[in-house]
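Asks: So that we are looking at the same thing, I have put the structure below in C-alpha cells.
Here, each number is a calculation from the coordinates, and none is a lab measurement. The structure presented is a predicted model; accordingly, all values stated were derived computationally and were not measured. Please note: Cβ atoms are built from the backbone with ideal geometry, for glycine as well, and neighbour counts cover all protein chains shown.
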Amino acid sequence: MLTNLQARDVETLVHPYTNLATLRDTGPLILERGQGVWVHDVDGKPYLEGMAGLWCTALGYGNEELVEAAATQMRKLPFTHIFGGKSHDPAIELAEKLKEMAPVPISKVFFTSSGSEANDTQMKLVWYMNNALGRPNKKKIISRVRAYHGVTIASASLTGLAGNHNDFDLPIAGVRHTTSPHHYRLALPGESEEAFATRLAADLEALILAEGPDTVAAFIAEPVMGAGGVIVPPRTYYPKIKAVLEKYDVFFIADEVITGFGRLGTAFGSEAMEMKPDSISVAKALSSAYQPIGAVMIPEAMYQALLEESRKLGSFGHGFTYSGHPVAAAVALKTLEIYDRENVFERVRAKIPQFDARRAALEDHPLVGEARGKGLVAGIELVADKKTKAQFDPKLGMAAKCVAFAQEEGLIVRSVFGDAVTICPPLVISPAEIDELFDRLTRALDRTL
Ligand code: PLP
C-alpha cells in the first residue's frame, strides 16, 4: 500500500534508472534530510548512506560551510554566464585551483553541470581539435565494455553497458568498445594479472589497427570503473595501455567523475592507478554534490588547436548556459578548500586499511564471488557457485534483493550490472561507521542467502 506521497510520486515522476512498472507497486523511498553520513526518510528512519548519494556527497550531509558558500554567492550574484567574454571571480579561482591540483599538466578548464556533459564535451573537443589539426578522418573514440560515461547521446554511446544502449538506438557511429579490465571474470585459466594486462593492451592495439590508426582519435577510461561494477584494473594495465596510445597518437581521456577528489586516497584516481591521461573529466565530488558542476581539464596542445580553430571559425561554438555557474563554482571552491584544510584525502588513506579488511572479509560469505575495490569504493559480486564463479540467473535479481534487505537494515547501497552490490560512502565516514556499514551489509547478505 503506497503512502500518499508515494502515490503522488508514481503519478507524476519518471524516475531515472528505474523499473517504472515495479515502482508503481513498491513506491520510492522518500528521503527528507541528512547529517554526516546519515539520511532520514519522511518517517524519520535513519539510513547510513553507503553510496554517498550517487558516488558524490563526499563531505556528507549538513555541511554548513557549503550551504553558506551557496547562500553568499546567491546574494551577491546568483548568475552570470561566461559566454562571449564575460566572467566572474568564482569561475576564475576554481579553474586556477583545478589547474594547480591536476595530476598532469593542464592548461585550461571548461565547466559543465554534469559528468555526462563533461564527457560529451570531451568528444566534441577531440573532433574539433582534429579538424583544426587537419586530420578530419581521425575521429573514432574507443571506450571499454562495462564503462560508464553518462547518458547524453555521446556519453551514453561511450558507456559500455547494453542497458544504456538497448532501444535507445545507441551507440552512435564512430564509438568502439574494447575489453573490460576485469581479471576475475575475463582472465584465461592461470593467467596472471600482469599477463592479463598485456593481453588487454594487445586487444586495444589490435582494435586500433583493425580500425586504422588514422581514424582513431581518443581512448576514454575511468581509472577504476564505477557503475560497471567497480572494476579495478591490474597495476600495470594503464602504463601498457598508455604505450599503445602513444604509438598511434591517440588522445587519452581520464573520466574521473567518480575517482576525482580523494575516492582512491589520492586527489585524482589517475595518480593511484599510474594513469597519465591527456585530459580529465570531473564532476560529483568537485562540489560534494551540493551543486551540479563538472569540468573538462584541457592540456595546452589541445587548447592551442581550439584557439586556432575558433580564430578561423570566428567562435568556439560550444557552451552551456550553466557553464561556470557562479553558485556552483563558489560551492566547488569551498569544497576544495575543505578537502585541503581538513586533510580529507590523507584521512581517507588512513581509513583504507580498515575498509580493505572489512571488504576482503566479505569473500568468506557463501554468496560473494569477489569483493573488489580500491580506496573507499567497493563492488561485491554475488555468485551462485563460488568455485565455478557461475552467476545467478539475472532474472532472480540477487544483488537487487540484497540492496532491498540492506535498506530494511538501514543501509543504502546499490546494485549494478553483473549482480554486484556497490559501496561508496562519503569520504568523511568514521571508523565506527565503516564497521556499521559492513555489519549491516553482512546482515543483508545473510538474508539474501
Ligand atoms: N562518468 C562516470 C565515471 C560516472 O560515474 C558518471 C555518473 O555516475 C558519469 C560520467 C555521468 O555523470 P552525470 O550523471 O553527472 O551526468
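Asks: Within the stretch 211-286, which trypsin sites (Lys or Arg not before Pro) sit in a loop by DSSP and count at most 14 neighbouring Cβ atoms inside 10 Å?
Replies: 235
Asks: Right, here's the next one. Which residue fluctuates most in the GNM of the chain (Cα springs below 10 Å): 112, 26, 259?
Replies: 26
Asks: Please report the antiparallel percentage of DSSP beta bridges with both residues in the stretch 67-341, rounded to the nearest 5.
Replies: Taking every DSSP beta bridge within the stretch 67-341, about 40 percent pair in antiparallel fashion.
Asks: Two decimals is fine: what is log10 I(q)/I(0) at q = 0.17 Å⁻¹ for the stretch 123-271, from a Debye sum with one equal scatterer on every Cα and no solvent?
Replies: The Cα Debye sum returns log10 ratios of -1.00.
Asks: Now for a different question. With each pseudo-label sitting 7 Å past Cα toward Cβ, what's the residue 447-residue 153 distance in nm, one decimal?
Replies: With each label point 7 Å from Cα toward Cβ, the separation is 4.4 nm.
Asks: Under the 0.36 nm per residue contour assumption, what length would be gained going from the current alpha-carbon distance of residue 246 and residue 318 to full extension?
Replies: Working: separation 72, 0.36 × 72 = 25.92 nm, distance 2.79 nm.
Once the chain is fully extended between residue 246 and residue 318, it gains 23.1 nm.
Asks: Using a Gaussian network model on the chain with a 10 Å cutoff between Cα atoms, which of 400, 301, 267 fluctuates the most?
Replies: Its mean-square fluctuation being the largest, the pick is 301.
Asks: Looking at the chain, identify the longest residue range that excludes and avoids all chymotrypsin sites (Phe, Trp or Tyr not before Pro) in DSSP loops having at most 12 other Cβ atoms within 10 Å.
Replies: That gives 169-449 as the longest site-free run.
Asks: Could I ask something else about it? Of 312, 108, 97, which is the most mobile in a GNM of the chain whose springs link Cα atoms less than 10 angstrom apart?
Replies: The residue that fluctuates most here is 312.
Asks: Quick one: 3J(HN,Hα) in Hz for the stretch 272-285, Karplus 6.51/-1.76/1.60 with θ = phi - 60°, rounded, Gly and Pro as x.
Replies: For the stretch 272-285, the Karplus-derived couplings read 5, 9, 6, 9, 10, x, 7, 9, 9, 9, 9, 6, 5, 5 Hz, x marking Gly and Pro.
Asks: Another question, then. Amide H neighbours of residue 225 under 5 Å, counting only residues 5+ apart in sequence or on other chains, H built in-plane at 1.01 Å?
Replies: 231
Asks: Under a crude label model (7 Å from the Cα following the beta-carbon direction), how far is residue 396 from residue 137 in nanometres?
Replies: Taking the simple label geometry, residue 396 and residue 137 are separated by 5.1 nm.
Asks: Continuing with the same structure: Please turn the phi angles of the stretch 90-96 into ³J(HN,Hα) values with the Karplus equation 6.51 cos²θ - 1.76 cosθ + 1.60 (θ = phi - 60°), one per residue in order, whole Hz, x for glycine and proline.
Replies: x, 5, 5, 4, 5, 4, 4
Asks: Each residue of the stretch 180-193 in order: what ³J(HN,Hα) in whole Hz does its phi give by Karplus 6.51 cos²θ - 1.76 cosθ + 1.60, θ = phi - 60°, with x for Gly and Pro?
Replies: 6, x, 9, 4, 4, 8, 10, 5, 6, x, x, 6, 6, 4
Asks: Order of 25, 278 from fewest to most other C-beta atoms within 10 Å? Can you show the working numbers first?
Replies: On the way: 25 9, 278 21.
Ordered by Cβ neighbours within 10 Å, fewest first: 25, 278.
Asks: So how far, in whole Å, is the C-alpha centre of the stretch 333-398 from the one of the stretch 155-173?
Replies: The distance from the Cα centre of the stretch 333-398 to that of the stretch 155-173 comes to 27 Å.
Asks: Here's another thing I want to ask about it. In the stretch 264-332, with Lys and Arg counted as +1 and Asp and Glu as -1 at Cβ, which of these residues, 320, 266, 307, has the Cα nearest the positive end of the dipole, that is, farthest along it?
Replies: 320
Asks: Residues of the stretch 173-189 with amide nitrogen under 14 Å from the 7 Å Cα-to-Cβ point of residue 198?
Replies: It comes to 188, nothing else.
Asks: In the structure shown, do any of 242/386; 124/334; 45/284 have a Cα-Cα gap over 32 Å, and if so which?
Replies: Values: 242/386 34 Å; 124/334 30 Å; 45/284 26 Å.
Over 32 Å apart, Cα to Cα: 242/386.
Asks: Further, regarding this structure: Quick check: the distance between the Cα centres of the stretch 65-94 and the stretch 118-143, to the nearest angstrom?
Replies: So the separation of the two Cα centres works out to 30 Å.
Asks: Next up: For the stretch 8-109, rounded, prolate or oblate, judged on the Cα gyration tensor with a ≥ b ≥ c (square roots of eigenvalues), a/c < 1.5 rounded, else prolate if a/b > b/c? Present the calculation step by step, with values, prior to reporting the outcome.
Replies: Details: a/c = 2.08, a/b = 1.91, b/c = 1.08.
Because a/c hits 1.5 or more and a/b exceeds b/c, the stretch 8-109 counts as prolate.
Asks: Next up: For residue 214 and residue 363 in one chain, what is 0.36 nm times their gap in residues minus the Cα-Cα distance, to one decimal in nm?
Replies: Here the segment from residue 214 to residue 363 would lengthen by 49.1 nm.
Asks: Related question: Figure the gain on full extension for residue 65 and residue 304 (residue separation times 0.36 nm, minus the Cα-Cα span) and round it to one decimal in nm. Display every interim value, and only then the final one.
Replies: On the way: separation 239, 0.36 × 239 = 86.04 nm, distance 3.77 nm.
Separation in residues times 0.36 nm, less the Cα-Cα distance, equals 82.3 nm.
Asks: Here is a further query. At what distance in nm do the modelled label points of residue 24 and residue 271 sit from each other, each positioned 7 Å from its Cα along Cα→Cβ?
Replies: Simple spin-label model gives 5.1 nm for this pair.
Asks: Follow-up question, since we're still on this one. Rg and Dmax in Å for the stretch 67-341, alpha carbons only: what are they?
Replies: 18.6, 62
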